[in-house]
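Q: Before I ask anything, here is the structure I am working with.
The values are calculated or read from the model by the stated rules, or taken from the named source; none is laboratory data. As the structure is a prediction and not an experimental result, all values here were calculated from the model. Cβ atoms come from the backbone with ideal geometry, glycine included; neighbour counts cover every protein chain shown. With ligands, DNA and RNA removed, areas are computed over all heavy atoms of the protein, side chains included. Shrake-Rupley method; radii C 1.70, N 1.55, O 1.52, S 1.80 Å.
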Amino acid sequence: MDGHKLGPVSRLQNHFLKFSITTLGCKVNQSESDAMAHQLKNSGCYPVHPKEKANLCIINTCTVTQKASMQSRQAVRKAIRSNPGARIIVTGCYAQTEPDEINKIDGVHHIIGHTDKFKIPDIVLSKEKEPYPHLIIVLSKEKEPYPHLIRQNILSEHHFEHTPAAVSGNRTRPFLKIQDGCDSFCTYCIVPYARGRSRSMLIENVLKNIKQLKPAGYHEVVLTGVHLGAYGLDLSPKTDLTELLNRICESNPIDRVRLSSIEPHELTDNIVRLVAKADIFCHHFHIPLQSGDDLILKKMHRPYTRSLFRNQILKINELLPDAAIGVDTLIGFPGETQKAFENTLSLIDELPVTYLHVFPFSARKGTPASRYPKPVDSKTIKVRCKKMRALGHRKKMDFYKKFTGKPVEILIEDKRDRSTGLLKGITSNYIPVHVNGDDHLKNTLVPVKIDKIKNGKVLGTLYSHLHEPFES
């Protein structure tokens, strides 16, 4: 529509109501950012285009490590520099745990904890100005002292904050947060203090959210949570993740359902068997190990042993030999000797693990491990992380090569690969396959044949371009 034809509300929207959301950290944060964007768009706001200045900037922060906290501060300062005159809102885990640190940054208007982050449209949109009270952002600082701090005691929160599925988001595979908080209190982890106790979305609401996605054009949903394996234990009557997955399987609301991270002792045989027999579930598990040394696991307050972890991985591989198995490792925990590190390295090396997320230990203020004796020096941690990442790269390449020449189905993403310009799609077992094709294939499930691995990328050919039948 031409600019001179816009009515007063549209002109007002184009001029004032442009927002940006910067997200740091985990899939749960990304899911919540999608939900906040959904709310703001429903309130008449517009997301900015790349390189466009916003007048409302939300930074959804992370604080899982000291580095994440630093990156959160950097993101806040960048938003202030890049968007002069904008209203700056800082929310997320760092806002919940360290509001005093954010308060030191000049230019922040609101620091909003987790309990109130979905009230952001009400907080920043004035209800007093005319003629469009629900659309006017209070852009001037007026005479109010800033920043405003809105933060509750998260540990006393027992209500799961229902958020809409990201039906208007820009992801090919939207995240749906079905659980929040954690009761584990691992000795290195700040998350329970940032997110509070475990809380779950009702099964009926989970099913309702997923059911909305397919009519909106989505083929896959990723179920996320801070402690996904604890799903349902807080509900009345109690339920669990297995029951939820059975209900999803019965209702068959979408083509593919992918699970995010599940603790080793909570990934039960029943869950693995269900994933193996039901086509709706992706053959992909992400399992946090952290350490393969029993003494370090005990110091971490992790409720399993290396033997349990080994047995779980082997069970998955027995029932689902094509499954991708991702693993988290935390390197350099206080007291981690060279032998303890080698225990972790050798355990992963001997198991059919697909890829690794390698994290260097960072002493997080407010956690017991920050006061533990025998810290590992940063140089040693760096060397160990390099060895672990090299192992992870080899494991990933070996897994990819197993599927060379084989037929797979991929969900084509909305964005092309930057370096090659090819379409990129994800298999059920989390292999990113690059193919040559037209844009009309974006956000569709298509059969391809994996041809080769080149420069670390998996290259394939669409079966529509081949003279052979597709056999799944």
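Q: Evaluate the relative contact order of the chain (contact order divided by residue number), counting alpha-carbon pairs under 8 angstrom at least 6 apart; express in whole percent. Don't skip to the end; give the middle numbers.
A: Details: 908 pairs, mean separation 44.7, N = 472.
Here the relative contact order equals 9 percent.
Q: So what's the back-of-envelope 222 nm ellipticity for the chain, counting only DSSP H runs of four-plus at -39500 (n - 2.57) apiece and dividing by all residues, rounded to 500?
A: Result for the chain: -9500 deg cm²/dmol, rounded to the nearest 500.
Q: Still on this structure, I have one more. Using a 1.4 Å probe on the protein chains only, how many percent of the accessible area of the chain belongs to carbon and sulfur? Can you show the working numbers first?
A: Working: 11320 of 22100 Å².
Roughly 51 percent, rounded to a whole number.
Q: Out of the DSSP beta bridges found with both residues in the chain, what percent are antiparallel (nearest 5)? Intermediate values should be presented prior to the final figure.
A: Details: 21 of 63 bridges.
The antiparallel fraction comes to roughly 35 percent.
Q: Another one. Cβ under 15 Å from Lys27's Cβ, Lys27 left aside: what net charge do those residues give with Lys, Arg +1 and Asp, Glu -1?
A: Residues close to Lys27 contribute a combined charge of 0.
Q: Leaving ligands and nucleic acids out of the surface, order His158, His148, His465, His110 by accessible area at 1.4 Å, largest first.
A: The most accessible residue leads, giving His158, His465, His148, His110.
Q: Further question on the same structure: Based on the Cβ-Cβ distance of Arg394 and Thr305, what FRET efficiency does E = 1/(1 + (r/R0)^6) give at R0 = 22 Å, to the nearest 0.05?
A: Working: r = 26 Å, r/R0 = 1.16.
That pair, Arg394 with Thr305, gives E of 0.30.
Q: Please report the spacing between the Cα centers of the range 306-376 and the range 87-124 in Å, no decimals.
A: Measuring centre to centre over Cα atoms gives 34 Å.
Q: Using a 4.7 Å cut-off between beta carbons, which cysteines in the chain end up with no partner cysteine at all?
A: Among the cysteines of the chain, those whose Cβ sits 4.7 Å or more from every other are Cys26, Cys45, Cys57, Cys62, Cys93, Cys182, Cys249, Cys282, Cys385.
Q: Once the whole set of protein chains is in place, how much accessible area is left on Asp106, using a 1.4 Å probe, in Å² to the nearest 10?
A: Approximately 130 Å² for this residue.
Q: For the range 165-288, what does the relative contact order come out to in percent, with C-alpha contacts under 8 Å and a separation of six or more?
A: Over the range 165-288, the number comes to 24 percent.
Q: Heavy-atom accessible area per residue, the range 226-376, 1.4 Å probe: how many Å²? Before the final figure, lay out the partial values.
A: On the way: 6180 Å² over 151 residues.
With all protein chains present, the range 226-376 gives 41 Å² per residue.
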